[in-house]
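The values are calculated or read from the model by the stated rules, or taken from the named source; none is laboratory data. Keep in mind that what you see is a predicted model, and the values were worked out from it rather than measured. Here Cβ is always computed from backbone atoms with ideal geometry, including for glycine, and neighbour counts include all displayed protein chains.
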Amino acid sequence: MDVSSYVLLSREQALRRQLDVAANNMANMTTVGFKRERPVFREYVERSAENAVDAAKSTSFVLDYGALHDTKAGAFQATGNPLDVMIDGPGYFAVEAPGGGTAYTRAGFVKTNDTGELIGADGQKLLGEGGKPIAVPIEQLATLSIAGDGTVSTREGVLSRLTVTVFGDERALTPRGDGMMAGGGGRELPATETRLRSGGVEGSNVEPIVETTAMVDILRAYQTTMRIAQDMDELRKRAIGSLSRIG
């Protein structure tokens, strides 16, 4: 396989990656708190002194550099549950991940378990200040409320605060595969910087028309790449045929 084939192969792999990301975005267009992903690629230039032609001494390949999250907020979706909250701004809710550790999510479904602890939609414990679960006395559940700064209180007074964690670099977060994110190096926002909207959750920020258009463009680009590969294969056959006749 010559260098041109490797270049086309790197391009095909990049298109496959783009298609996978676009398809995942489409699959999560109704997932609460989901953030659209965008693949990032880098150019890798390989230099060789063996080629006689100067223009052929540098070969450019496409490398998969990862994916970035579109931090644009999704639309507010009212749920009728006064405990449900949407983060109005950057950041994530911290939850106790299945199997231990901390995971992060934008899905603001909030309810309580049998012992009065705040949990998310899938039953994972929501974490407050210092990464500690938030427990509410059973007899006070009827008057439980969450303020705009995350303060959790009842008519008996303040119990704790539901915190929001921000990350200086979104690339520090990676999808876990269960609707939550894993990452480190986050910072808990103080109450003065926390803004929550009660009574609903944040919808996905995926735009179906944008993703559909992207998938069509990817298909066309792949078809073009395949035509180039076929043309190059035909040129090789002709070159071999010409050389055989000369011989």
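May I ask you to say which residue of 233, 217, 169 is farther than 20 Å from residue 39 by Cβ and of a type in the set (Asp, Glu)?
Selected residue: 233, the only one of 233, 217, 169 that is farther than 20 Å from residue 39 by Cβ and of a type in the set (Asp, Glu).
If I go through the range 123-139 residue by residue, how many of them are over 22 Å from residue 187 (Cβ atoms), of a type in the set (Val, Ile, Thr) and assigned to a loop (DSSP other than H, G, I, E, B)?
The qualifying residues number 1.
Can you pull out every residue in the range 230-247 that is more than 19 Å from residue 12 (Cβ to Cβ) and modelled with pLDDT of 80 or more?
none
Scan the range 143-158 and tell me whether some residue there is among the charged types (D, E, K, R), farther than 16 Å from residue 35 by Cβ and buried (at least 18 other Cβ atoms within 10 Å of the Cβ).
There is no residue in the range 143-158 that is among the charged types (D, E, K, R), farther than 16 Å from residue 35 by Cβ and buried (at least 18 other Cβ atoms within 10 Å of the Cβ).
Got a sec? Which of 105, 151, 115 is within 17 Å of the chain's Cα centre (by Cα) and either of a type in the set (S, T, N, Q) or not assigned by TED's automatic domain parsing to the domain that holds residue 40 (or both)?
Selected residue: 105, the only one of 105, 151, 115 that is within 17 Å of the chain's Cα centre (by Cα) and either of a type in the set (S, T, N, Q) or not assigned by TED's automatic domain parsing to the domain that holds residue 40 (or both).
Identify, please: which residue in the range 67-122 is among the basic types (Lys, Arg) and in a loop (DSSP other than H, G, I, E, B) and is, among those, farthest from residue 135 (Cα to Cα)?
Checked the range 67-122; the qualifying residue farthest from residue 135 (Cα to Cα) is 72.
Considering only residues that are of a type in the set (D, E, K, R) and over 26 Å from residue 67 (Cβ atoms), look in the range 122-142 and name the one that is surrounded by the fewest Cβ atoms within 10 Å (Cβ to Cβ).
Among residues in the range 122-142 that are of a type in the set (D, E, K, R) and over 26 Å from residue 67 (Cβ atoms), the one surrounded by the fewest Cβ atoms within 10 Å (Cβ to Cβ) is 139.
In the range 111-120, what residues are free of Cβ contacts under 8 Å to residues at least 40 places away in the same chain and either surrounded by 15 or more Cβ atoms within 10 Å (Cβ to Cβ) or charged (D, E, K, R) (or both)?
Hits for the range 111-120 are 111, 112, 114, 116, 117, 119, 120.
Within the bounds of the range 111-130, is there any residue that is of a type in the set (Ser, Thr, Tyr) and under 23 Å from residue 205 (Cα atoms)?
No, the range 111-130 has no match at all.
So residue 206 ticks every box in (1) closer than 30 Å to residue 82 by Cβ; (2) of a type in the set (A, V, I, L, M); (3) in a helix (DSSP H, G or I) but one. Which box is left unticked?
(3)
Within the range 140-172, how many residues turn out to be in contact (Cβ under 8 Å) with a residue 60 or more places away in the chain and assigned to a helix (DSSP H, G or I)?
2
Would you be able to tell me the number of residues in the range 182-210 that are within 13 Å of residue 164 (Cα to Cα) and over 17 Å from the mean Cα position of the chain (by Cα)?
Residues meeting the conditions: 11.
Identify the residue in the range 65-104 that is closer than 18 Å to residue 25 by Cα and of a type in the set (D, E, K, R) and, among all such residues, is surrounded by the fewest Cβ atoms within 10 Å (Cβ to Cβ).
Out of the qualifying residues, it is 72.
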